[in-house]
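**Student:** Below: one structure in structure tokens.
Read the figures in this text as sums done on the coordinates, not as results from a lab. Source: prediction; values computed, not measured. Note that each Cβ is placed from the backbone with ideal geometry, even for glycine, and that neighbours are counted across all protein chains shown.
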Amino acid sequence: MGLGEVEMRYVRVKWEHDFEDDPVVYLSELGEDGYELRKVQIYRDGRTEWADETRETETVGLSEIAFPSNEEISSSPGFCARDISREEFERFWREAKS
């Protein structure tokens, strides 16, 4: 990494549940401090929603607390978290915004 570059982290969280109105996948871009900078939510029916530091809606917004570790998330029943590449996140981000 070059001087002044920020180390970002990208996480995919899958949520196994039976709720029709809740997302089944969350994709988050995290800054060095662990806080979300951008988020994509994917629903069972294929629709997506997104949020960033300038845009939130009633159904999608950035977390107000630092993101927990993948292990901590995955220890909750129904949740599975893993790191993803920046490229994978950006692909979903572009699709969600189009």
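**Student:** What number of residues in the stretch 44-98 are among the hydroxyl-bearing types (S, T, Y), within 18 Å of P23 (Cα to Cα) and in contact with a strand residue (DSSP E or B) (Cβ under 7 Å, 6 or more places away or on another chain)?
**Tutor:** Of the residues in the stretch 44-98, 5 are among the hydroxyl-bearing types (S, T, Y), within 18 Å of P23 (Cα to Cα) and in contact with a strand residue (DSSP E or B) (Cβ under 7 Å, 6 or more places away or on another chain).
**Student:** Another one. Criterion first (in contact (Cβ under 8 Å) with a residue 40 or more places away in the chain, surrounded by fewer than 15 Cβ atoms within 10 Å (Cβ to Cβ) and not small (G, A, S)) does E88 satisfy it?
**Tutor:** The answer is yes for E88.
**Student:** Any residue at all in the stretch 29-40 that's assigned to a loop (DSSP other than H, G, I, E, B), in contact with an Asp or Glu (Cβ under 7 Å, 6 or more places away or on another chain) and surrounded by 17 or more Cβ atoms within 10 Å (Cβ to Cβ)?
**Tutor:** No - not one qualifying residue is present in the stretch 29-40.
**Student:** Related question: Could you count how many residues in the stretch 50-67 are buried (at least 16 other Cβ atoms within 10 Å of the Cβ) and either in contact with a helix residue (DSSP H, G or I) (Cβ under 6 Å, 6 or more places away or on another chain) or more than 20 Å from V6 (Cβ to Cβ) (or both)?
**Tutor:** Count: 2.
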